[in-house]
1. Mind checking which of W75, P177, G139 is farthest towards the positive end of region 62-212's charge dipole, using Cβ charges of +1 (Lys, Arg) and -1 (Asp, Glu) about the Cα centre?
2. When the helices in the chain are scored as -39500 (n - 2.57) per DSSP H run of 4 or longer and the sum is shared across all residues, what 222 nm value do you end up with, to the nearest 500 deg cm²/dmol?
3. What Kirkwood hydrodynamic radius do you get for region 360-465 when you take the inverse of the mean 1/r over all pairs of distinct Cα atoms, in Å?
4. Excluding E180 itself, calculate the net charge of residues whose Cβ lies under 11 Å from the Cβ of E180, where each Lys or Arg counts +1 and each Asp or Glu counts -1.
5. In whole percent, what relative contact order does the chain give with Cα contacts below 8 Å and a gap of six or more residues?
6. Give the range of the longest stretch in the chain that excludes all chymotrypsin sites (Phe, Trp or Tyr not before Pro) found in loop regions by DSSP and having at most 16 other beta-carbon atoms within 10 Å.
7. With every atom except the alpha carbons ignored, what do you get for Rg and Dmax of region 113-227, in angstroms?
8. At D119 and D81, where each label point lies 7 Å from the Cα along Cα→Cβ, what is the point-to-point distance in nanometres?
Amino acid sequence: MTDPVLVVHGLKVDFDTYDGIVKALDGIDVDVGRGETVGLVGETGCGKSVTVNSLVKLIPIPPGRIASGRALLHWPIRCPDCRGKGCARCQGTGTLDVCDACRGDRKCARCRGFGKYRDGKACRTCEATGRCTSCEGSGKRYVDLLQLSPKELQQVRGSAMSFIFQEPMSALNPVIPIAEQISETFYYHQRESLVQSTLAALDQEIARIRGSERGSWRLPILRFYRQLYRRMGEKPNSRFFQFLRRVPLMRRYHRWIAREMRARSLEALKKVRIPSPENVLDAYPYELSGGMMQRVVIAIALAGNPKVLIADEPTTALDVTIQSQILRLMQDLKQDIQTAIVFITHDLAIIAQVCDRVSVMYAGTIAETADARSVFQAPLHPYTRGLIGAIPRPHRDAPRLPEIKGSVPNLITPPGGCRFHPRCKFAKPAVCGSEKPLLVEALPGHRVACHMYNHNGHLWTEAEKKPQVEVVA
Ligand SMILES: Nc1ncnc2c1ncn2[C@@H]1O[C@H](COP(=O)(O)OP(=O)(O)OP(=O)(O)O)[C@@H](O)[C@H]1O
Ligand code: SF4
Ligand SMILES: [Mg+2]
Ligand SMILES: [Zn+2]
Ligand SMILES: [Zn+2]
Ligand SMILES: [Zn+2]
């Protein structure tokens, strides 16, 4: 991928339980490109939610444990020299977007890009590719989410990555009005731009009072507020202003920024096409329907202008008509804001409708990943073939719906080798039961973790390897 915004590589997550260690993820690889919608699909318990939640440590740690892996997020920073105004260091862009490890030359710092050392040994840092691992060879600035401090992660959540969950009611606070819940997101993730607009509004009011003969007693107060907001602009993360919000009389200054936040919240609700948004602003979550609540959750998720939007089964709790409205809304919004979306579902029909690329998960591993069309028309992995074969087709007069035999394995004692081998009708015990298949590119842009398509491929016939559906059932 040329311009990935999120690269997850070899992610392993375990949970320590009284029964043993649940090996929930066993080396997950996922790439998400700019403005792309990637679907994560698989049976229940295969690790879809753990994959995305562990990126920003939303899993409980302990019992959860991130055993290994990298999760690189493209994250240019504001130029510290010019504070975003543009200078020689940032070449007028106001942001710094150069990899700290390779300084932009894209080569592995260990082997200097050769992939091996002078004695001929392969470089283990870059796995002999010679590419810088901190930026995946792009030369741009990426951060490893799994290495960030809790404070840095707080900045990522909501602004760089935001989430839409399955249950809107549990995502919203039932005792706080909607306006306040959306405003908070703006306050914590867009404070700088809020301060700029507030200062502009204050300047306008001061100019208006100067031009008229009435209200001149307000001028010193407004000038004092202007001074406060200028300070806030210089130190947007200062806790002093959050404290000031609670102090009687002093908290009056907050009204100006609150007005700005309310205006933006109203805009956000209009964007998600909520009927009568002015009334919804003052409503409590329990006064709204499921579809309206999910729209509010989407508005909150988009308020921070995220680079990656994670939608974890956002339509599962909704009825079918609302489901299709929400899906259409998400597609329209995606065109407007150019956010990458990771769409989690176990509904293949939704994947076909909204996703550009699909990763099929099975028992904590990625079985297959390719563009959506290829996965549906020419699935390679026996599990994907079975999944697509199991979609009910009303025009066919089948006595029994096709199914994949067996059930998802217990992840405390997962099967060795390929985790799918006890259920796979193509399994060859000699290799499938003992050797873990790695994700390899079987066709251009189509990667699959199955021995049929790697160096063991000669054990299967060409007919068996041919991409097709419904062979497992
Ligand atoms: N806190 C936890 N403690 C122990 N095991 C856990 C915990 N959270 C998740 N798991 C295990 O991790 C595995 C993956 O769970 P996950 O929630 O990611 O599944 P999922 O694919 O999202 O399923 P669904 O479609 O039902 O949401 C499951 O086997 C689950 O038992
Ligand atoms: S590796 Fe073997 S068991 Fe696993 S999916 Fe491929 S053929 Fe089936
Ligand atoms: Mg889940
Ligand atoms: Zn600069
Ligand atoms: Zn680099
Ligand atoms: Zn190297």
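1. G139
2. Value at 222 nm, helices only, nearest 500: -9500 deg cm²/dmol.
3. Values: mean 1/r = 0.0686 Å⁻¹.
It works out to 14.6 Å.
4. Here the charged neighbours net out to -1.
5. Details: 824 pairs, mean separation 86.5, N = 473.
In percent, rounded to a whole number, it is 18.
6. 118-459
7. Taking only Cα atoms of region 113-227, I get Rg and Dmax of 25.5, 85 Å.
8. Rounded to a tenth, the inter-label distance reads 4.2 nm.
Each value in this text was obtained by applying a stated rule to the coordinates, not by laboratory testing. This is a predicted model, so every value here is computed, not measured. Counting neighbours? That spans all protein chains shown, and the Cβs are built from the backbone with ideal geometry, glycine included.
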